[in-house]
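The values are calculated or read from the model by the stated rules, or taken from the named source; none is laboratory data. Here the structure is a predicted model, which means the values were calculated and not measured. As a convention, Cβ positions derive from the backbone with ideal geometry for all residues, glycine included, and neighbour counts pool all protein chains shown.
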Amino acid sequence: MDHVFNTEEEAYAAYKQFARLRGFGVRKGDVARVVWKVRRIDDSHNHPLAATMFNHLLPSHRSLSESNKAQVDSLKKFGIATLKIMAYMAGQSGGYAATISYLEGKANADIMSVARYTKPLEGRLGSLFWADGQMMADYKLFGDVVAFDATYRSNKYKKPLVVFSGSNHNKQTAIFGFALLEDEEVRTYRWVLLNLVDIMDNKKPSVVVTDGDKAMRAAIDDVLPSARHRLCGWHLEKNCVMQVKEPDFRKVFKKEMYANLDVLVFEDHWTTTVQSLGLMNNSWVKSTYELRHSWATTYLQGTFCTGYRTTSRCEGINAFVKGFLKSTNSLLELVHSLDRVVKVIAITRIYTGSVFKEVRKQIKAVGGLLFLGKDTISTTSVYKFSSTANRRSVRRVLYDPTEPKIECDCHMWNSEGIPCTHIFSVMKYEGLEEISPSLILRRWCKDAKEWTPKETEREETHGS
């Protein structure tokens, strides 16, 4: 109190520092004074204060180091959009605050996107759940059966990653949301499920497929008491291999899981097998038997599970997602990777299986390109790339957002009918979420045989 400042700049700097410590932003007006003196401190507020970990994100407390400013200036010279520069700079830090900032930026671009998180007492990020507009739309249509897989650990913080998925009308994978968990306690799973239901307009699934975690089961019973809980066959088979060394039991277990047996036959077969192999005291065998109503086809007859009866769907989703993740991922890199998962899944809905494999090769090759610069001619942007394998070979891509039109001088689109890695790289820089219809050759699509005469005529002129 009664501290005197000789200049406006000194007074503003001191108040700004106080505001940052308390968790609120400040704005300076035009006030002409000679001497500034602290007469009273009113520390009451009509709004929640920001957590310490997010104080630096308040507009008045944001700042760039001199080296970061130089980096921004350099990127601007190459014609990189401000939004892309901001995303890149956020990626440099890769921490909790940068991840929240990125997801909030997505929410500003897509009003249906939602991110929710918890903040433990120590001020660190606890759990995080997010979903975008497309995920919500898919859940509204196909969220009656939800697979809840929490077996991923591919990030340097070792936070459990949960993927919520299901099956759409073409029996293709639909992602409903992602969550990073603080821990694997019942209260944490309960928080995730409550937010899933709330974000999805209180629609609750009728069947939930999980890997069988006890805390997860308890949370499901609490939040989704009317949902039928089904254990994933793929996870059960993996656990059986690890917990039971008898190969004969594994064969019997697989039959008991998938065969449509009468209840008496199932029970008699199980008892006989366990006794003959001396597994009466095996803890995994006993606990799994107690859960038989959640995995045996005998007890699940008539329960609609959209293809989760077999192991292939859970195994396929698990392997697909893990292909995009690395154990060294920061949280922001992890979120970016999961964004790519969703985009690639969207592409699988367009192309036939064999063509998609070729398209995916082009997408993955984007990481091996070197950005050389960007020029602008009227409404057309000219991007230049080379590859790490051959730096002398320069490819140019023309992008005109007014048409929209993307052309590359490698001519892969003209000769093979799929976008090249250079075109996908431009899509990345421009923030394009979908492949332009002008770059999708109908003959490679799953609905190719649904051509109209007019579309057929247009396809025949491709590459001419």
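Across the range 321-346, the number of residues qualifying as surrounded by fewer than 17 Cβ atoms within 10 Å (Cβ to Cβ) and within 19 Å of D447 (Cα to Cα) comes to 1. Whether any residue in the range 144-155 is of a type outside the set (A, V, I, L, M), modelled with pLDDT of 90 or more and under 21 Å from W234 (Cα atoms) is what I want to check. Among the residues of the range 144-155, at least one is of a type outside the set (A, V, I, L, M), modelled with pLDDT of 90 or more and under 21 Å from W234 (Cα atoms), which makes the answer yes. Within the range 381-404, restricting attention to residues that are polar (S, T, N, Q) and free of Cβ contacts under 8 Å to residues at least 24 places away in the same chain, the residue that is nearest to I435 (Cα to Cα) is T402. Being in contact with a Ser or Thr (Cβ under 9 Å, 6 or more places away or on another chain) and modelled with pLDDT under 80 is a description that does not apply to S127. Give the range 375-397 a look and list any residue that's in a strand (DSSP E or B), among the aliphatic types (A, V, I, L, M) and within 18 Å of C420 (Cα to Cα), or say none. Across the range 375-397, the qualifying residues are V382, V397. Only a single criterion out of (1) among the small types (G, A, S); (2) assigned by TED's automatic domain parsing to the domain that holds L128; (3) at pLDDT 80 or above is not satisfied by G307, namely (3).
Contact map, the range 339-350: residues that are under 14 Å from A174 (Cβ atoms) paired with residues that are of a type in the set (A, V, I, L, M, F, W, C), Cβ distance under 6 Å, separation 6+ or inter-chain. Pairs shown: V341/V321; V341/F324; V342/I175; T348/F356.
In this structure, is K245 surrounded by 12 or more Cβ atoms within 10 Å (Cβ to Cβ) and charged (D, E, K, R)? The answer is no for K245.
It is to be established whether one or more residues within the range 230-250 are closer than 30 Å to T272 by Cβ and part of a strand (DSSP E or B). Yes, the range 230-250 contains a residue that is closer than 30 Å to T272 by Cβ and part of a strand (DSSP E or B).
Would you mind stating whether D222 is touching a helix residue (DSSP H, G or I) at 6+ places or on another chain (Cβ under 8 Å), modelled with pLDDT of 90 or more and in a loop (DSSP other than H, G, I, E, B)? In short, no. Evaluated against (1) closer than 24 Å to F148 by Cβ; (2) surrounded by 16 or more Cβ atoms within 10 Å (Cβ to Cβ); (3) among the hydroxyl-bearing types (S, T, Y), S226 falls short on exactly one condition, (2).
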